[in-house]
1. For the range A:51-155, give me every one of the strands (runs of 3 or more DSSP E) that falls completely inside it and has 2 or more residues that are within 13 Å of the chain's Cα centre (by Cα).
2. Which pairs turn up if I take residues in the range C:104-119 that are touching a residue at least 12 places away in the same chain (Cβ under 8 Å) and more than 16 Å from C:Pro58 (Cβ to Cβ) and look for partners that are among the aromatic types (Phe, Trp, Tyr) and crowded, with 22+ Cβ neighbours inside 10 Å with beta carbon separation below 7 Å, at least 6 apart in sequence or on another chain?
3. Quick one: B:Asp34 ticks every box in (1) among the charged types (D, E, K, R); (2) more than 11 Å from chain C (Cβ to nearest Cβ); (3) in a loop (DSSP other than H, G, I, E, B) bar one, so which box is it?
4. Looking at the range C:116-134, which of the residues that are small (Gly, Ala, Ser) and surrounded by 23 or more Cβ atoms within 10 Å (Cβ to Cβ) is farthest from the other protein chains (Cβ to nearest Cβ)?
5. Which residues, counting only those in the range C:179-200, are out of contact with any helix residue (DSSP H, G or I) (no Cβ under 9 Å at 6 or more places or on another chain) and either within 24 Å of C:Phe386 (Cα to Cα) or not in a helix (DSSP H, G or I) (or both)?
6. Looking at (1) farther than 24 Å from C:Leu108 by Cα; (2) away from every other protein chain (no Cβ under 14 Å); (3) buried (at least 24 other Cβ atoms within 10 Å of the Cβ), find the lone condition where C:Arg320 falls short.
7. Give A:Arg98, A:Arg147 a once-over and let me know the one that is surrounded by 22 or more Cβ atoms within 10 Å (Cβ to Cβ), out of contact with any Phe, Trp or Tyr (no Cβ under 7 Å at 6 or more places or on another chain), within 26 Å of A:Met34 (Cβ to Cβ) and without any contact (Cβ under 8 Å) to a residue 60 or more places away in the chain.
Amino acid sequence: MPIEITRTDDPGLAARLIANDRGAYVMGGGTGLMRRIHEGDQAVRHLILLSGPRLRQIAPERGGFFIGAQASMADVLAAPEARALHQPAASVGAPALRNMATVGGNLFARPPYGDLTTALLALDAEAVTASGSGEDRRPLALLLEDRTTRRLVLGVFVPDQGGARLHYTKMTRSHPRGASIVTVAASLARSGGRVTMARVAFGGLAGAPFRASGVERALTGGPLGSETIATAAERIGDGITPMSDALASGWYRLEMAKIHLRRLLGTAQGSPS
Amino acid sequence: MTTPVHFTHNGRPVSLFTEAGESLLSLLRLKLGDQTPKYGCGQGGCGACSVRIDGQLRLACLTLAETVDGAEVETVAALSAPNLDPLQEAFMDHFAAQCGYCTPGMIVAARTLLDTNPRPSRDEVIEAISGNLCRCTGYEPIIDAILAVAAQEVSA
Amino acid sequence: MSLDFRKDLFADERDDNLNVVGKPIRRQDILGHVTGTSPFFDDNKFDNLLHLKCVRSPHHHARIVSIDTAKAEAMPGVVRLLRGRDVPVNLNTLLSLLDFGLDDEPVLAETKVSYWGEPIVAVIATSEQAALDAVAAVEVRYEELPAVFDVEEALKPGAPTVNETYPGNHFVFYENTDHQRLRFGDTEARFARAAHIVEGRYQLTPIEQAPMEPNGAIAAPETNDRFACYTPTQGLFFSVGTCAKVLDVDLNRLHFIGGTVGGGFGGKVDSVCEPLAILGAMLTRQPVRYVLNRAEEMQVSAPRSAELWEIKDGIAEDGRILAREFKGWFDAGAYTRLTSYGVVKCTGHLPGPYTIPAVKSDIWCVFTNRTPATAMRGFGVLGVDFAIERQMDKGARAAGLGPMEYRLINAYRDGDMKATRRVASNTALVECIQVAAEKAGYPLAPEYKAMTSMTGASLTQIPETVTDSGRRPAGYTAIEKTEVSPGLGEAAQVQPTPAAPVARARTGGASSLPERPSYAPQPAPPQAAPPPAPEPPEPAPAKPRYSRYSSSIRRR
């Protein structure tokens, strides 16, 4: 069956098409969908080429900033508003891929991809979705958990971080760029020597990027000492099945996650705030 | 479903029909006869199909052909005429190609780097070609060749 | 990157006034490479090009219950489907061209699949997309069989039979032994005198060659009923011979064009794409392109074999290795390909570049339900070298010596007798270690710095060797080989004294195969003891055979 293509600048139409047809996908940069087409994936039957200025916008909005779903990693890197996401965006792919891969595509990238999404989870970002002729916002974590409802994502909203700071690291087998063995993003707020808020997300480790609530609880309330960090690292595996693929076994991924969380927070220990 | 697509290929305007789902790589190789970009993975993992679209480095295998409508597409063939690019000379002098399969994409990536950053550090060169795999050379001769051109173009 | 030519070493053995060697010079093919105009096989252009894609097994081991292609055949763009029965000789082993081993692998599986990704049906369509869609529409029903992925498990009694040609899950060497053996000196006597015994067990995973250019081929009809095949093969004549055999055509009907290979590293010797592309071109009378995608290249195209090693060393007080025993298991995957040859090559390499007066080795080529393995850079040698060098480090610790010193003491010298009964020459390992020590800042004592590979041979005779009787594998009966390998009749005619005309079955088709040289597996071994040898056949009129490699069919 040949693939169908719809070009539109009407988000409402795109939202209806994907909601009603499980073979319909909105095309981002093509880095995920074109690969699936090449490999004969019969699930991809209808590509929607959706355009519109809002989709590539990166701009401050009240209480934070908005990034359109069609903004590429290169667009994110060129936008001063999105500074918090520069390190994660730079860790995605290589230059050519960063020119193509989009923020919206990253939300639905197959594991172990989804580095930017991991950072967005730690930043408590919200998914901006099409709703009738308007927009809706919901926590990104909820969007990622609900894989049955097919929503059109117009972009993400990243709230102001207040005193919190994002710490990010990605472990790869090949250097300087490669697919994730594990990606760690931790947003920490500290006051009076104590951690007052911790949002910690992992990518590449399980089926999709996720927030590790056990790790967050272990880190919150006390000083960021080595013992606390070690205890928190032991909570990473709670409630998840680490992913095995050609790059690494689940066991290896989980062990690396512990090491890289310890290292990342170890450097956070000495950093201001 | 076929769609007409008009674009500039290495400076020459072309008009073709593309099948739904067809990649730019397939269009260039099978319909336009430009065999310089290579298929290595179809996943964006190897860079053998690297081309420039409106001056930006991209992967032809992951580009839906009809999205280049109105764009300027350049392959390594654009660099070879009328004279060889200094990068091509340097690759020859530094033994920066063995089997030659990654070379066209590698040179497109390297030229894109030097056009935007004429004086790259070694690390910047490595980053610029980090999406272009080479299985033969071990990369060192390629990095040397690119740095040699950078030094030569800056001093000239 | 700077190269350091140590011209002080072996200076009188080398001519430094050569025109090319030692001079910086451009590769002759590099202009094509940097301009992207080197003619790789997939760069050839054809009108009416058809595309071939394969239906592959989703199971590691399964019986094929049924194949339904009706839906796929009716799909738009589909020109023709190929099944196992369309392949004239649908059972082959690559080294049959050298008369080494039994045919054990179909081009397209018909009755069962023995590895994940094994091809079953080939779809030929007007576009790659149409071929992929039709592949997804072919319905194959399977009855899953127990699979085995481990060499030791595969050799245990009761293990599932992976490859029906070899019911015991091991290759049969020289038609009379279940593994490849090497005996040199008396290891047991020397172990008894050793000050230290060091044992080690080592494992290696398969490694994919991962060439930048995936495997593939394009075949196209030429005039005079010939077929051109554009191929990235690393062994062009090998590939022609294989295709002539499985397609049952004369060599001169195949015109192979190769030469520009986008990386091979051993992964392009198996001729897995050429036969199907040519068969497709024969049956459609159109050019047919069959290229593996990257996932297929990584998963299905043959890697270096996995290996398992056990090594035992007996070491004297002064650090000399007195005896070394090897047990090795090469994981061939589901079919032989080149692993049997890797085992032979490995045996020729033992015990590594060291002089050891007693060496014993037993290596099995084992079939498992993994991807068939084949050549890859130094295959047969690299794996055991890894094991040997780890073993050398352990031995050095046991002997209380540094790793370089221990290797220098044991390194072979010119004139030393190797376990293969060849005298070593141009050894140079001593000098390599000395230079490596210097580069690494490793302090060598003067007596080690003074060593040279050119003198000091310690083993100049073949030692008195203890032999043991081989195990004749049960379940095989010798059948006289009388048939010339199909496709090689022409070559056979250039044998010096052909005593009789070459007879070849010309009917084609899998059901009318020429009587093939084989050792037929029997249903069950009659007893644990070696079966009685069959009577030597009546001497038949001598027929020409094209064979450089195999043992004779006559029992010795």
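Please treat every number below as a calculation from the coordinates, not as lab data. Fair warning: this is a prediction, and the values are worked out from it, not measured in the lab. Backbone-built Cβ (ideal geometry, glycine too); neighbour counts: all protein chains shown.
1. Details: elements: A:58-61, A:64-68, A:126-131, A:134-139.
Hits in the range A:51-155: A:126-131.
2. C:Asp104/C:Tyr166; C:Asp104/C:Tyr335; C:Glu105/C:Tyr335
3. So B:Asp34 meets the others, but not (2).
4. Step one: list which residues in the range C:116-134 are small (Gly, Ala, Ser), which gives C:117, C:122, C:125, C:127, C:130-131, C:134.
Subset that is surrounded by 23 or more Cβ atoms within 10 Å (Cβ to Cβ): C:122, C:125, C:130-131, C:134.
Numbers: C:Ala122: 14, C:Ala125: 12, C:Ala130: 8, C:Ala131: 8, C:Ala134: 10 Å.
Within the range C:116-134, the match that is farthest from the other protein chains (Cβ to nearest Cβ) is C:Ala122.
5. C:Arg183, C:Phe184, C:Gly185, C:Asp186, C:Thr187, C:Phe191, C:Ala194
6. (3)
7. Details: A:Arg147 fails: surrounded by 22 or more Cβ atoms within 10 Å (Cβ to Cβ).
Of A:Arg98, A:Arg147, the one residue that is surrounded by 22 or more Cβ atoms within 10 Å (Cβ to Cβ), out of contact with any Phe, Trp or Tyr (no Cβ under 7 Å at 6 or more places or on another chain), within 26 Å of A:Met34 (Cβ to Cβ) and without any contact (Cβ under 8 Å) to a residue 60 or more places away in the chain is A:Arg98.
Let's see how each residue does on (1) in a loop (DSSP other than H, G, I, E, B); (2) touching a Ser or Thr at 6+ places or on another chain (Cβ under 6 Å); (3) within 14 Å of chain A (Cβ to nearest Cβ); (4) over 25 Å from B:Val14 (Cβ atoms):
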{"site": "B:Glu66", "(1), (2), (3), (4)": "no, yes, yes, no"}
{"site": "B:Gly70", "(1), (2), (3), (4)": "yes, no, yes, no"}
{"site": "B:Leu84", "(1), (2), (3), (4)": "yes, no, no, no"}
{"site": "B:Asn132", "(1), (2), (3), (4)": "yes, no, yes, yes"}
{"site": "B:Val149", "(1), (2), (3), (4)": "no, no, no, yes"}
